[in-house]
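Colleague: Below is a structure I'd like to ask you about.
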Amino acid sequence: MSDPRANDLSTYSLRLGDDALIAAQRTAEWIAAAPQLEEDVALGNIGLDQLGQARSLLQYAGTVEGAGRSEDDLAYFRDEREFLNLQLCELPNGDFAQTIAKLLYFATYQHLLYEELRGGTDETLAGVAGKAVKEVAYHVDHATQWVLRLGDGTDESHRRMQAGLDAMWPYTAELFASDELVQRLDVAVDPSTLEEEWLRRVNQVIDESTCERPTSAYQHSGGRDGRHTEHFGYLLAELQHVARSHPGASW
Amino acid sequence: MTEGAKRAPIEPLWEVFVRSRRGLSHVHVGSLHAPDATMALRNARDVYTRRQEGVSIWVVPATDITASSPDEKDEFFDPAADKVYRHPTFYQVPEGVEHL
Amino acid sequence: MLGVMDSFQATIDADGRIEPRDAMPEGYRKTLIRQIAQHAHSEIIGMQPEGNWISRAPSLRRKAILMAKVQDEAGHGLYLYAAAETLGVDRADLLDLLHAGKQKYSSIFNYPTLTWADIGAIGWLVDGAAIVNQVPLCRCSYGPYARAMVRVCKEESFHQRQGFEILHTLCNGTPAQKEMAQDALNRWWWPSLMMFGPPDASSTHSEQSMAWGIKRHSNDELRQRFVDMTVPQADVLGIRVPDDELTYDEATGRYSFTQPDFAELYEVVKGNGPCNQERLAHRVKAHEDGAWVREAAAAYAEKQAKKMQGSAA
């Protein structure tokens, strides 16, 4: 690919698409394992929303790239170092509180991001964001409802909610890391511009839940450069193994 | 239940009513369990409107519904049976009369 | 004046519907609770053999379809538990009975899903058999059950089609894919036939259930209907039903086929199937792991209610 702007746009779509794909893969792990039947259904809806966003974004990344790669080529036939998702998305679910903390952080970020993208000049990204913004608003609400209930429920749930918020916190700085690509690409949203509002919204929920705002000296990074956690290889192996066992097959 | 068995507190049962589109009444579609009204509404959205079945939802605690008793069925509903004059088809309209 | 049970029988005889607060024989109530609970349990245990393939689905489109399908099954379990609850039982108690092994679920879900083709086979055969079983239940004499089944059947039809489509794609794919499809049919055919229950001659609950309008057709009748429906579909796929005795009778338009090994069915029902332990253990673990979440939600609701009372006073 010779057009540097197309290269940037494809990479940018891939970043957002990988976030959604890997988040969906983790969310789906809850199906048939949720604390109550109603929650199986709710998390199923959230996972399906995330997967839908991933498909649109990966497809767009492939189209812009112009090398004929489909959403499935991109999802199933790239290796660990080629995935550009945030590390937050790939982290194991942990207990329900940790999953909810992860969802609160991620969905709030996605919501702010899609709100910006929705009004952007790239028609496809604006279209995907316009649909997704309603979906993730619901994810934020779902996470919020649970943070409040777990935070201000029993002693055990309060302890677990706090632990979940704390454990996921060191993976949140990465959400807002700016780099040359997002500064260069006119249709991209520089995520550093979202941080203040994100903090305000997330803190509001945490305060209301009677939990403490997490702090952390160390913050992880590397996802956007394809450097992931040790958990990621396993996730990818599971996601890809059938497709890779039958190269060229249709499903 | 065996006595002393450890169990979570019972989650209340909610009855769910969905308006399928504007202009229609809310109709009972089923029930579900939820700890409170806020979650009941959200659960209802996820469980009963996955296929765009609704534009508006009501949830009501099942225990708050007062129902007529089947034992009173006769005195409740039979008296309506002989009041055919309540129905428009009871009346004969001469042929050729329109808009009536 | 007519006795209450006379009015029950009169409603049944007139093919009417019994509603929750109507008087009903204790046996009718118990039979329904057992059957609806077993049905609900089957939906939620059934989430496992397919759910464990969501992470491995070989395309994103298939992944989305499978997620939606398994999610539907949770929904179906939910509708059915709600129907059972109209008979005066609590869902939490029914789940306890399932977890304690005191209520059953469909034995089909005690078989393992070994390859991606099994997801196709489950949709096509298992959901196909379920639909044959379930469509008559939309006319079941108990209103809430019948209404739940109308909703379930509407949603199930997509399940069967997506299963067939998976196999159709495999059968028109690489030789390895086609072999995978045949292997899945070989393994799922017999358990699918068992889904209709024991032969009529040895079915314990059938007769009374028929008289009560809970059951509309006999086990053997439904099994025959399933075979007649499914064999031509296998021909379209180009894979072979693993029954050497299978023959088509021109005169009746029906297939004669080998009965499944019912001794195996009884063993699996008793708990001696390939996945009985795992399925139940997984379910119990999810339930126990979720206990603190449910407790927290209840505690929060109580706190909020107290706050409301406080501010109202």
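The values are calculated or read from the model by the stated rules, or taken from the named source; none is laboratory data. The shown structure was predicted, so the numbers you read here are calculated from the model rather than taken from an experiment. Positions of Cβ are generated from backbone atoms using ideal geometry, with glycine treated the same way; all protein chains shown enter the neighbour counts. The area values use the complete protein model at the heavy-atom level, side chains included, leaving out ligands, DNA and RNA. Shrake-Rupley method; radii C 1.70, N 1.55, O 1.52, S 1.80 Å.
Colleague: Just give me the residues in segment A:69-91 being within 14 Å of chain C (Cβ to nearest Cβ) and of a type outside the set (Asp, Glu), in sequence order.
Modeller: First pass over segment A:69-91, keeping only residues within 14 Å of chain C (Cβ to nearest Cβ): A:69-78, A:90.
Scanning segment A:69-91 gives A:69, A:70, A:74, A:75, A:76, A:77, A:78.
Colleague: Here's something else I'd like to know. Between residues in segment C:209-222 that are on the phi < 0 side of the Ramachandran plot and assigned to a loop (DSSP other than H, G, I, E, B) and residues that are surrounded by fewer than 16 Cβ atoms within 10 Å (Cβ to Cβ) and among the hydrophobic types (A, V, I, L, M, F, W, C), which pairs lie under 9 Å by C-beta distance while being six or more apart or on different chains?
Modeller: Listed by first residue and then by second, the contacts come to C:216/C:210; C:217/C:210; C:218/C:210.
Colleague: Quick test for you: out of C:201, C:176, pick the one residue that is modelled with pLDDT under 90, surrounded by fewer than 17 Cβ atoms within 10 Å (Cβ to Cβ) and either of a type outside the set (Ser, Thr, Tyr) or within 30 Å of residue C:64 (Cβ to Cβ) (or both).
Modeller: Numbers: C:176 fails: modelled with pLDDT under 90.
Matching residue, one of C:201, C:176: C:201.
Colleague: Among the residues of segment C:104-118, is there at least one that is surrounded by fewer than 21 Cβ atoms within 10 Å (Cβ to Cβ), under 30 Å from residue C:20 (Cβ atoms) and touching a residue at least 40 places away in the same chain (Cβ under 8 Å)?
Modeller: yes
Colleague: Sticking with this structure for a sec: Going by the conditions given, is residue A:43 buried (at least 24 other Cβ atoms within 10 Å of the Cβ), within 14 Å of chain C (Cβ to nearest Cβ) and in contact with a Phe, Trp or Tyr (Cβ under 8 Å, 6 or more places away or on another chain)? Full working, then the answer.
Modeller: Values: buried (at least 24 other Cβ atoms within 10 Å of the Cβ): yes; within 14 Å of chain C (Cβ to nearest Cβ): yes; in contact with a Phe, Trp or Tyr (Cβ under 8 Å, 6 or more places away or on another chain): yes.
The answer is yes for residue A:43.
Quick grid of which residues meet (1) without any contact (Cβ under 8 Å) to a residue 60 or more places away in the chain; (2) open to solvent by 50 Å² or more (accessible area, probe 1.4 Å); (3) within 14 Å of chain C (Cβ to nearest Cβ); (4) farther than 22 Å from residue A:97 by Cβ:
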| residue | (1), (2), (3), (4) |
| --- | --- |
| A:206 | yes, no, no, no |
| A:210 | yes, yes, yes, no |
| A:217 | yes, yes, no, yes |
| A:228 | no, no, no, yes |
| A:244 | no, yes, yes, yes |
| A:249 | yes, no, yes, yes |
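Colleague: Can you pull out the residues in segment B:45-72 that are open to solvent by less than 100 Å² (accessible area, probe 1.4 Å), assigned to a helix (DSSP H, G or I) and at pLDDT below 85? It would help to see each step written out before you state the result.
Modeller: If we filter segment B:45-72 for residues that are open to solvent by less than 100 Å² (accessible area, probe 1.4 Å), which is where we start, we get B:45-51, B:53-57, B:59-62, B:65, B:67-70, B:72.
Checking the rest, the ones that are also assigned to a helix (DSSP H, G or I) come to B:45-48, B:62, B:70, B:72.
The answer is B:70, B:72.
Colleague: Working only within segment C:45-67, note down all residues that are surrounded by 21 or more Cβ atoms within 10 Å (Cβ to Cβ), part of a helix (DSSP H, G or I) and at the interface with chain A (Cβ under 7 Å from one of its Cβ atoms).
Modeller: C:47, C:48, C:51, C:54, C:60, C:62, C:63, C:67
Colleague: For segment A:141-178, give me each residue that is touching a Phe, Trp or Tyr at 6+ places or on another chain (Cβ under 7 Å), not β-branched (Val, Ile, Thr) and not in a helix (DSSP H, G or I).
Modeller: Correct list: A:152, A:153.
Colleague: If you don't mind, another one. Can you find a residue in segment A:151-160 that is farther than 26 Å from residue C:59 by Cα, β-branched (Val, Ile, Thr) and within 11 Å of chain C (Cβ to nearest Cβ)? Lay out the reasoning, then the answer.
Modeller: Here is the first cut: in segment A:151-160, the ones farther than 26 Å from residue C:59 by Cα are A:151-160.
Of the ones still in play, those that are also β-branched (Val, Ile, Thr) are A:154.
Applying the additional criterion that residues be within 11 Å of chain C (Cβ to nearest Cβ) yields A:154.
Yes, the conditions are met somewhere in segment A:151-160.
Colleague: Out of the residues in segment B:30-44 that are hydrophobic (A, V, I, L, M, F, W, C) and farther than 13 Å from residue C:76 by Cα, state the one that is most open to solvent (accessible area, probe 1.4 Å). Break it down stepwise before answering.
Modeller: Taking segment B:30-44 as the starting set, the residues that turn out to be hydrophobic (A, V, I, L, M, F, W, C) are B:32, B:34, B:37, B:39-41, B:44.
Those still in the list that are farther than 13 Å from residue C:76 by Cα too: B:34, B:37, B:39-41, B:44.
Working: B:34: 0, B:37: 52, B:39: 2, B:40: 0, B:41: 71, B:44: 0 Å².
The residue in question is B:41.
Colleague: So, in segment C:179-190, of the ones that are open to solvent by 10 Å² or more (accessible area, probe 1.4 Å) and more than 10 Å from chain A (Cβ to nearest Cβ), which residue ends up farthest from residue C:263 (Cα to Cα)?
Modeller: Our first condition is that a residue be open to solvent by 10 Å² or more (accessible area, probe 1.4 Å); within segment C:179-190, this holds for C:179-180, C:182-183, C:186-187, C:190.
Adding the requirement that they be more than 10 Å from chain A (Cβ to nearest Cβ) leaves C:179, C:182-183, C:186-187, C:190.
Working: C:179: 29, C:182: 25, C:183: 23, C:186: 19, C:187: 17, C:190: 12 Å.
That would be C:179.
Colleague: Out of all the residues in segment A:46-68, which are open to solvent by 20 Å² or more (accessible area, probe 1.4 Å), facing chain C (nearest Cβ under 8 Å) and more than 15 Å from residue A:103 (Cβ to Cβ)? Walk me through it before giving the result.
Modeller: Initial filter on segment A:46-68 (open to solvent by 20 Å² or more (accessible area, probe 1.4 Å)): A:48-49, A:52, A:55-56, A:59-60, A:63-68.
Adding the requirement that they be facing chain C (nearest Cβ under 8 Å) leaves A:48, A:52, A:55.
Selection gives A:52, A:55.
Colleague: Identify the single condition in (1) surrounded by fewer than 16 Cβ atoms within 10 Å (Cβ to Cβ); (2) hydrophobic (A, V, I, L, M, F, W, C); (3) farther than 29 Å from residue A:225 by Cβ that residue A:173 does not satisfy, given that it satisfies every other one.
Modeller: Unmet for residue A:173, out of (1) surrounded by fewer than 16 Cβ atoms within 10 Å (Cβ to Cβ); (2) hydrophobic (A, V, I, L, M, F, W, C); (3) farther than 29 Å from residue A:225 by Cβ: (3).
Colleague: Can you name every residue in segment B:19-36 that is in contact with a Phe, Trp or Tyr (Cβ under 9 Å, 6 or more places away or on another chain) and more than 9 Å from chain C (Cβ to nearest Cβ)?
Modeller: Residues of segment B:19-36 in contact with a Phe, Trp or Tyr (Cβ under 9 Å, 6 or more places away or on another chain): B:19, B:25-36.
Those that are in contact with a Phe, Trp or Tyr (Cβ under 9 Å, 6 or more places away or on another chain) and more than 9 Å from chain C (Cβ to nearest Cβ): B:19, B:25, B:26, B:27, B:28.
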